[in-house]
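The values are calculated or read from the model by the stated rules, or taken from the named source; none is laboratory data. Predicted, not measured: the structure shown is a model, and the values here were computed from it. When we count neighbours, we look across all protein chains shown, and the Cβ atoms used for this are built from the backbone with ideal geometry, even at glycine. All accessible areas refer to the heavy atoms of the entire protein, side chains included, with ligands and DNA or RNA removed. Shrake-Rupley method; radii C 1.70, N 1.55, O 1.52, S 1.80 Å.
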Amino acid sequence: MIGCLCIHGFTGAPSEVEPLVAYLKKRTNWEIAVPTLPGHGETLSLKGIEYKNWIEHAEQELQRLIEKCETVYVIGFSMGGLIASYLAVHYPVKKLVLLSAAALYVSPKILFRDMGEMVKDLFRGRLSENEMFIRYKRKIKATPITATLQFRRLVAAIRPILNQVTIPTLIAQGEIDGVVPPKSAQYLYQNIGTTAKKLIYLKESKHLICHSKEKEKLFTEIHHFLS
C-alpha cells in the first residue's frame, strides 16, 4: 500500500492542496493524509504556538502512514515544503514533492506588482474581487508577529539540512509568485543533496500553485513522478 502526506503552508489550511489531493484520489488508491497544522485551518489561532509544534504534528501523521503503508511519499506546499524536507531527512520517505516551497520568501518586485493590481481594483470598485485582497485580508489580522517569527525560525532551522535530502525530489514553482520568489526553487534545486531531482517552472502561476490555471499540467507531472 502507498501512503501520501500533503502539508499546507504558513497561515494556510488543507484547502491549499485540496485540488491536488482530489486529483490523486481519483487516479490512485493511495492512503492520503492532509493534516491541519496547529493553529492553522480556516480560523487561525497561532498565538503561543512554536514551529516545533508544526513539525511534531506532521511527524505524527507521517508515522501513522508509515505504520500502515510500505511506501510513503511526502508533498509540501510553501512552508509545508520545508517541513516535508525535514521529514525526508529523518524518516523512510521514498519521494518528495516541493510546491512553491519557502526556502526564501517574499519577492518584493512581484509583491509590488500584486499591490499595484490591488490599488487599481480599489479605484475600479472591484477590490472585493481581488484574489490577493481576499486571501490576505483575513490572514494579516489573524497572524501575530510571534507566529511570523516562528515561521522564520523554522526556515532557518531546516535550510541547513537540505543537503541531507537523498531521495528523488520534484520541485515546482510559479514564475509570478509574489510570496515565495522563483529563485527559492533554484536555491532548493542547488542545495538539495540528491542527484535525482527535477525542477519545473509554471509560467502563469502565482503562489497558490494547486489553484493555478496550469494545475492540470502540474498534477500530471506530480502523478507521473510519484508513479
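Hey, among Ile83, Ile75, which residue is open to solvent by less than 10 Å² (accessible area, probe 1.4 Å), within 17 Å of Ala185 (Cα to Cα), touching a residue at least 40 places away in the same chain (Cβ under 8 Å) and in a helix (DSSP H, G or I)?
Ile83
List the pairs whose first member sits in region 142-158 and is assigned to a loop (DSSP other than H, G, I, E, B), whose second member is buried (at least 17 other Cβ atoms within 10 Å of the Cβ), and whose Cβ atoms are under 7 Å apart, counting only residues at least 6 apart or on separate chains?
Close Cβ pairs satisfying both conditions: Thr143/Thr11; Thr143/Leu44; Thr143/Leu46; Pro144/Leu46.
Any idea which residue in region 174-227 is most open to solvent (accessible area, probe 1.4 Å), counting only those that are in contact with a Gly (Cβ under 6 Å, 6 or more places away or on another chain) and not in a strand (DSSP E or B)?
Lys206
For region 54-68, give me each residue that is open to solvent by less than 10 Å² (accessible area, probe 1.4 Å) and more than 22 Å from His207 (Cβ to Cβ).
Matches in region 54-68: Leu62, Leu65.
Just one of the numbered conditions (1) open to solvent by less than 50 Å² (accessible area, probe 1.4 Å); (2) modelled with pLDDT under 95 is not true of Val165; which one?
Among (1) open to solvent by less than 50 Å² (accessible area, probe 1.4 Å); (2) modelled with pLDDT under 95, the lone unmet condition for Val165 is (2).
Just to be sure I understand, how many residues within region 38-53 are at positive phi and open to solvent by 70 Å² or more (accessible area, probe 1.4 Å)?
Looking only at that region, the number is 1.
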